[in-house]
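Here is the structure we will look at, set down as structure tokens.
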């Protein structure tokens with residue numbers, strides 16, 4: 001149990017250390033930072049998202065999780081068309 005708590009605290013500290021500098025802009029005080037969102041979310045057309053995923057692999061990632069967000073607000077069903085379009089070829 002102690003090891004789990006140590007791991008959880010270290011993980012939270014690592015996430016904080018990565019995200020804190022991204023949100024420390026004047027816009028962050030007014031409701032959020034576009035830079036923070038752009039660093040965390042890949043958006044755009046298929047090629048733009050493919051380029052962001054490729055950049056993650058080039059930077060050393062061994063796994064990239066893609067979770068499409070539907071524009072119609074339906075969070076219960078996956079957007080299969082998007083998943084099929086972005087599936088590895």
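Couple of notes before you dig in:
- For the stretch 44-89, radius of gyration divided by Kirkwood radius, i.e. Rg to Rh on alpha-carbons: 1.00
- In this simple spin-label model, placing a label point 7 Å from the Cα along the Cα-to-Cβ direction at both residue 8 and residue 84 gives a separation of 4.1 nm.
No value in this document is a laboratory result; all are computed from the given coordinates. Not measured: the values here are computed from a predicted model. Every residue, glycine as well, gets a Cβ built from its backbone with ideal geometry; the counts of neighbours run over all protein chains shown.
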